[in-house]
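**Student:** Below is the structure I would like to discuss, written out as structure tokens.
The values are calculated or read from the model by the stated rules, or taken from the named source; none is laboratory data. Nothing here was measured: the structure is a model prediction, and the numbers come from that model. Every residue, glycine among them, receives a Cβ derived from its backbone with ideal geometry; neighbour counts consider all protein chains shown.
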């Protein structure tokens with residue numbers, strides 16, 4: 001009997017050990033499938049804090065692209081010396097991209113500064129003075145990226161004068177020299193961290209350096225050419241600075257490396273956009289309406305495999321507000337094998353194309369009444385997303401006034417504004433001012449959640465103002481004629497918007 005009890009005791013002990021081992025392995029497994037970020041605010045004599053409290057904003061994405069278009073989750077909190085912040089996030093892909101933004105600090109990060117995390121990373125970010133540094137598992141690559149981002153180019157007085165004087169060739173040559181020197185310094189930083197980074201991450205960092213070198217420069221030339229001087233881009237494309245762009249990385253590195261970079265594909269897309277923004281016969285700028293067609297065809301015909309797939313996803317994320325891009329969605333989806341990229345394209349199709357059900361929102365109006373999408377059954381709704389301080393939102397409101405006036409007595413048409421302001425009092429004040437929206441319209445807000453509201457996340461709304469036209473709770477148009485700065489006094493654009501609403505009123509397809 002004693003032997004039996006002894007054996008039973010040993011079996012129980014063995015089972016306990018096995019159970020504890022399995023629990024430990026499960027915990028290890030769960031930790032390996034997540035990333036952990038802890039942020040400490042330090043106040044010391046060497047680096048005194050400029051602010052004793054900081055608003056921290058983390059934008060989390062699994063798609064490595066610039067922050068303005070990547071689908072992402074946003075987390076915000078107030079950080080103080082006695083209130084650190086810690087978050088653990090599931091990691092379903094090899095890489096997670098995190099953008100850090102600290103309100104009240106000069107070093108807040110630029111638009112494209114996504115930090116690359118890997119599964120299992122557990123990092124502490126220590127903020128002091130006007131800087132921050134990373135510690136812990138995975139910190140090496142984050143500090144490498146931070147050092148690289150500190151070297152980004154800012155245009156100086158000399159470049160501004162050359163631009164004003166239209167000395168383009170000299171401007172491009174001066175800018176190229178500065179950008180090349182910054183690129184060389186960034187490569188030195190990568191080499192300094194290379195041993196600890198390992199080959200794969202070193203190559204990704206190198207691809208980031210290339211993206212940092214070219215993408216912002218090409219983008220700024222395109223934008224300046226659109227806004228100020230239509231001759232700038234044609235001159236840039238003919239310059240030695242453009243013709244000397246180094247494309248060798250396409251052949252040197254594996255496509256899986258290039259698509260993992262946060263900036264390299266941005267560079268490729270900017271280059272494709274620049275080359276297809278010009279009509280080769282007239283050497284003039286193509287309109288914003290016709291240009292996306294040429295960009296899509298260039299991506300489709302000149303790239304293959306993973307690079308083409310990522311570029312297609314970035315194309316549709318960038319041009320999701322342009323209806324001309326939608327006819328190509330099904331074709332693009334047929335080229336894509338990567339599951340994550342296909343899901344991005346399918347989401348655009350399922351949320352932006354005509355006839356799909358709109359998100360069943362429930363939002364508060366200025367009187368505190370809950371307004372639901374279902375309240376607009378059988379109606380045409382012009383939905384406008386905005387925020388206090390948005391200059392283009394003010395301009396759009398001015399442009400929309402004749403349209404609101406035309407339909408103000410039509411019971412089948414509703415003009416609804418949705419503010420992403422977090423401060424309710426600021427929102428109410430902006431509504432009362434009449435600068436952003438018509439007080440007679442139905443004014444709603446995202447209940448203090450700002451851009452983290454599920455409605456905003458559903459449609460990946462990253463630029464404002466954004467408009468939709470709905471019919472009976474479904475999308476009629478997710479890209480109505482744009483009454484932005486270039487179209488405020490454009491009678492043709494206003495006429496097209498009015499025609500769109502009238503078409504929605506006539507269309508019986510969406511009626512119950």
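**Student:** Considering only residues that are surrounded by 13 or more Cβ atoms within 10 Å (Cβ to Cβ) and either under 8 Å from the mean Cα position of the chain (by Cα) or part of a loop (DSSP other than H, G, I, E, B) (or both), which ones fall in region 65-80?
**Tutor:** 65, 66, 67, 69, 70, 71, 72
**Student:** Of the residues 375, 365, 330, 384, which single one is in contact with a helix residue (DSSP H, G or I) (Cβ under 9 Å, 6 or more places away or on another chain) and either touching a residue at least 40 places away in the same chain (Cβ under 8 Å) or not assigned by TED's automatic domain parsing to the domain that holds residue 259 (or both)?
**Tutor:** 384
**Student:** Could you check, for region 128-137, whether at least one of its residues is buried (at least 18 other Cβ atoms within 10 Å of the Cβ), at pLDDT 85 or above and either in contact with a strand residue (DSSP E or B) (Cβ under 6 Å, 6 or more places away or on another chain) or in the same structural domain as residue 54 (by TED's automatic domain parsing) (or both)?
**Tutor:** Yes: region 128-137 contains one or more residues that are buried (at least 18 other Cβ atoms within 10 Å of the Cβ), at pLDDT 85 or above and either in contact with a strand residue (DSSP E or B) (Cβ under 6 Å, 6 or more places away or on another chain) or in the same structural domain as residue 54 (by TED's automatic domain parsing) (or both).
**Student:** If you check residue 202 against the conditions, is it surrounded by fewer than 17 Cβ atoms within 10 Å (Cβ to Cβ), in contact with a helix residue (DSSP H, G or I) (Cβ under 6 Å, 6 or more places away or on another chain) and part of a helix (DSSP H, G or I)? So that I can check it myself, show each step before the final result.
**Tutor:** Working: surrounded by fewer than 17 Cβ atoms within 10 Å (Cβ to Cβ): no; in contact with a helix residue (DSSP H, G or I) (Cβ under 6 Å, 6 or more places away or on another chain): yes; part of a helix (DSSP H, G or I): yes.
Here the answer is no, as residue 202 does not meet what is asked.
**Student:** Something else about it: Report, ordered by the first and then the second residue, all pairs with beta carbons closer than 7 Å, sequence separation of six or more or different chains, a first member in region 156-182 that is in the same structural domain as residue 221 (by TED's automatic domain parsing), and a second member that is not in a helix (DSSP H, G or I).
**Tutor:** If the second residue must be not in a helix (DSSP H, G or I), the pairs left are 169/239; 172/239; 178/153; 179/153; 182/151; 182/153.
**Student:** Does residue 248 count as modelled with pLDDT under 95, in contact with a helix residue (DSSP H, G or I) (Cβ under 6 Å, 6 or more places away or on another chain) and assigned by TED's automatic domain parsing to the domain that holds residue 178?
**Tutor:** no
**Student:** State whether one or more residues within region 322-339 are more than 27 Å from residue 94 (Cβ to Cβ), surrounded by 14 or more Cβ atoms within 10 Å (Cβ to Cβ) and more than 23 Å from the chain's Cα centre (by Cα).
**Tutor:** No, every residue in region 322-339 fails to be more than 27 Å from residue 94 (Cβ to Cβ), surrounded by 14 or more Cβ atoms within 10 Å (Cβ to Cβ) and more than 23 Å from the chain's Cα centre (by Cα).
**Student:** Further question on the same structure: Go through region 399-425 and report how many residues are surrounded by 15 or more Cβ atoms within 10 Å (Cβ to Cβ) and either under 27 Å from the mean Cα position of the chain (by Cα) or free of Cβ contacts under 8 Å to residues at least 40 places away in the same chain (or both).
**Tutor:** Number of matching residues: 13.
**Student:** Could I ask something else about it? So, restricting to strands (runs of 3 or more DSSP E) that lie completely within region 352-398, which ones have at least 3 residues that are under 23 Å from residue 428 (Cβ atoms) and more than 24 Å from the chain's Cα centre (by Cα)?
**Tutor:** Passing ranges, in order: 362-365, 370-372.
**Student:** While we're looking at this one, here's another question. Do you know which residues across region 278-296 are surrounded by 13 or more Cβ atoms within 10 Å (Cβ to Cβ) and under 17 Å from residue 326 (Cα atoms)?
**Tutor:** Scanning region 278-296 gives 288, 291, 292, 293, 294, 295, 296.
**Student:** Could you run through region 227-262 and say how many residues are within 23 Å of the chain's Cα centre (by Cα), buried (at least 17 other Cβ atoms within 10 Å of the Cβ) and under 22 Å from residue 297 (Cα atoms)?
**Tutor:** Qualifying residue count, region 227-262: 2.
**Student:** Would you say residue 335 is at pLDDT below 90 and either touching a strand residue (DSSP E or B) at 6+ places or on another chain (Cβ under 7 Å) or more than 14 Å from residue 468 (Cα to Cα) (or both)?
**Tutor:** no
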